[in-house]
Amino acid sequence: MTSSSDQIVIIGGGFSGAMAAARLAERGVTSTLIDAGGDFGLGVAYSTPFDGHLLNVRSNRMSAVEDRPGDFVDWLGLNHPDRADPEGFAPRRLYGLYVQDRLRAVEASHPGRVTRVQGCAGVIEGKTVLLDDGRRVSGRAIVLATGNPAPRTASADSRRIIADPWAPSALDGIRGDDRVAIIGTGLTMVDMAVWLKARGWRGPLFALSRRGLGPRAHHDHPEAPLPVLPELADGPASARLSAARRLAKQGQWRALMEGLRPVTGDLWRAADAATRARWVRHLRPFWDVHRHRIAPAIAAEIQALADAGRLTVTAGRVVSVAPAGDGVTLTFRPKGATVTESVAADWLIDCTGPGHDPARDPLTGPLISTGRARLDPLRLGLDLDDSGRVLTADGTPDPTLMVLGPPARATFWETVAVPDIRKRIEVLAGTLAE
Ligand SMILES: Cc1cc2nc3c(=O)[nH]c(=O)nc-3n(C[C@H](O)[C@H](O)[C@H](O)COP(=O)(O)OP(=O)(O)OC[C@H]3O[C@@H](n4cnc5c(N)ncnc54)[C@H](O)[C@@H]3O)c2cc1C
């Protein structure tokens, strides 16, 4: 198989892996890009075929290239001029085409620098990746760009329970007036609701999550970021939170979030483990819905469903999910209640998002158990140094193993969206090109 002592082996060909390979090629470094699905450049986010799934970041912030901020808008202007509004929210499907175009263009101008391999990486041994079908790929370093782990599976076994909403044809059985229950009220629930509606489904939707919080919307026009005042960036975390709440109450919470965005990663890095733990336990759900906002047009669709009485969002905890006849019964305890309630549905969709247990992941689990990697204290992911190199059990950076994209969350926090990942790609490419 493709083995060269000089190349980089990248596991995962979504946005992170594909754009890292492109950047490395531009810097003269060869790589092999391994992806299980083989749709290089798309990953989970940009493989949706539905044009109603819009980006949740304005086009002028979605360049895949750190030093060319206008790259995506320019591409839209050439290829889809009707969607080229810099402050608009383009379909995610178009973004996937853009990423694929960039990868192809770099491959054409730097022939032989990127090798694509379709296959599932199963084991990492030293500087070699073993694929599930027995093939081996070796290089001088390995980059884990595997995205978010697969969703947790729902607790009952039934054809009416959709455990992975992104699986091909997952929604095909849902029709007409079918009653749908969704566990999770975040971005995936929103994606499912607008997609079902566009497919002609007319039924009711019951959505449940612990706090019943849904993603907030962007304004039609961007708000200028508020400057990060010293009381937001310095001092005890509780005082900073109070200051942020005070400013948010003055009505400019989006501008506050935008102002904080460039420094969020630094604040996360500077916080001790106890502060991070409190933040994740108590504040994360609130942070997520304000930070990861949806396009105004999508928010309007969700509001219309709620106004028509078709969407009910409830706060509560799942007690059980049980097949019932040709459907499902979801039993839950509403927030603050002592008794449970049940909802009968024709379908249940699990939109609770990825499971996060790197210790059980087939790729990273053995790295942890053998001491080649270690978990961060909150078990959010592998512990890394500032350039994304994996820290071994004794805290030494391993220059042959790096992590990019959402799995680097434990160390960088802001490493999930494109504007943050492309910055990490620059750091990674710089480290590997040296
Ligand atoms: C539904 C959705 C919408 C989003 N919308 C936006 C948005 O509008 N704007 C924004 O900035 N961000 C958005 N994001 C955030 C998203 O995380 C990033 O934009 C980006 O897509 C992350 O790409 P990735 O390559 O790191 O991960 P992924 O896209 O998950 O890609 C990982 C790839 O690795 C492959 N893989 C995993 N394990 C293996 C293995 N063992 N062997 C081989 N291949 C493997 C997978 O098949 C997959 O192709 C969205 C995310 C989701 C889920």
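Things to note:
- Among the criteria (1) touching a residue at least 24 places away in the same chain (Cβ under 8 Å); (2) surrounded by 15 or more Cβ atoms within 10 Å (Cβ to Cβ), the one Leu247 does not fulfil is (1).
- Qualifying positions in region 81-97 - out of contact with any strand residue (DSSP E or B) (no Cβ under 9 Å at 6 or more places or on another chain), of a type outside the set (Ser, Thr, Tyr) and not in a loop (DSSP other than H, G, I, E, B): Pro81, Asp82, Arg93, Leu94, Gly96, Leu97
- When Ala108, Ala90, Ala154 are screened for being modelled with pLDDT under 95, among the aliphatic types (A, V, I, L, M) and over 22 Å from Ala408 (Cα atoms), only Ala154 passes.
- Any hit, region 384-400, residues being more than 30 Å from Val263 (Cβ to Cβ), of a type outside the set (Lys, Arg), without any contact (Cβ under 8 Å) to a residue 60 or more places away in the chain and out of contact with any Lys or Arg (no Cβ under 8 Å at 6 or more places or on another chain): yes
Matching residues to (1) out of contact with any strand residue (DSSP E or B) (no Cβ under 6 Å at 6 or more places or on another chain); (2) more than 13 Å from the ligand (Cβ to nearest atom); (3) touching a residue at least 60 places away in the same chain (Cβ under 8 Å):
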| site | (1), (2), (3) |
| --- | --- |
| Val9 | no, no, yes |
| Ser16 | yes, no, yes |
| Arg23 | yes, yes, yes |
| Arg27 | yes, yes, yes |
| Gly41 | yes, no, yes |
| Phe50 | yes, no, yes |
| Met62 | yes, no, yes |
| Gly77 | yes, yes, no |
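- Conditions (1) of a type in the set (D, E, K, R); (2) exposed (fewer than 15 other Cβ atoms within 10 Å of the Cβ); (3) in contact with a Ser or Thr (Cβ under 8 Å, 6 or more places away or on another chain): number failed by Asp350: (2)
- Just one of the listed residues (Leu378, Leu363) is closer than 30 Å to Thr411 by Cβ and out of contact with any helix residue (DSSP H, G or I) (no Cβ under 9 Å at 6 or more places or on another chain), namely Leu363.
- Among the residues of region 411-434, the ones that are over 20 Å from Pro397 (Cβ atoms) and out of contact with any helix residue (DSSP H, G or I) (no Cβ under 8 Å at 6 or more places or on another chain) come to 1 in all.
Let's see how each residue does on (1) among the charged types (D, E, K, R); (2) more than 14 Å from the ligand (Cβ to nearest atom); (3) under 26 Å from Glu26 (Cβ atoms); (4) buried (at least 16 other Cβ atoms within 10 Å of the Cβ):
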position	(1), (2), (3), (4)
Asp85	yes, yes, no, no
Arg92	yes, no, yes, yes
Val114	no, yes, yes, yes
Val123	no, no, no, no
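- Flag if Leu363 is in the same structural domain as Arg68 (by TED's automatic domain parsing) and surrounded by 14 or more Cβ atoms within 10 Å (Cβ to Cβ): yes
- Qualifying residue in region 246-253 (condition: within 18 Å of Asn56 (Cα to Cα) and at pLDDT 90 or above): yes
- Failed item in (1) farther than 20 Å from Arg202 by Cα; (2) in the same structural domain as Asp172 (by TED's automatic domain parsing); (3) modelled with pLDDT under 95, with Asp326 passing the rest: (1)
- Selection of region 254-282 for residues being farther than 25 Å from Arg58 by Cα and not in a loop (DSSP other than H, G, I, E, B) yields Arg269, Ala270, Ala273, Ala274, Thr275, Arg276, Ala277, Arg278, Trp279, Val280, Arg281, His282.
- All strands (runs of 3 or more DSSP E) inside region 134-253 with 3 or more residues being of a type outside the set (Phe, Trp, Tyr) and away from the ligand (no atom under 15 Å from the Cβ): 180-183, 205-209
- Boolean, Ala145 is surrounded by 17 or more Cβ atoms within 10 Å (Cβ to Cβ), touching a helix residue (DSSP H, G or I) at 6+ places or on another chain (Cβ under 6 Å) and at pLDDT 95 or above: yes
- Some residue of region 32-39 being more than 11 Å from the ligand (Cβ to nearest atom), aliphatic (A, V, I, L, M) and either outside any loop (DSSP other than H, G, I, E, B) or surrounded by fewer than 16 Cβ atoms within 10 Å (Cβ to Cβ) (or both): no
- The single condition among (1) in contact (Cβ under 8 Å) with a residue 24 or more places away in the chain; (2) touching a helix residue (DSSP H, G or I) at 6+ places or on another chain (Cβ under 7 Å); (3) crowded, with 17+ Cβ neighbours inside 10 Å that Val73 does not meet is (1).
The values are calculated or read from the model by the stated rules, or taken from the named source; none is laboratory data. In this text the structure is predicted, and so the values were computed from the model without any measurement. Don't worry about glycine lacking a Cβ; one is built from the backbone with ideal geometry, like all the others, and counts go over all protein chains shown.
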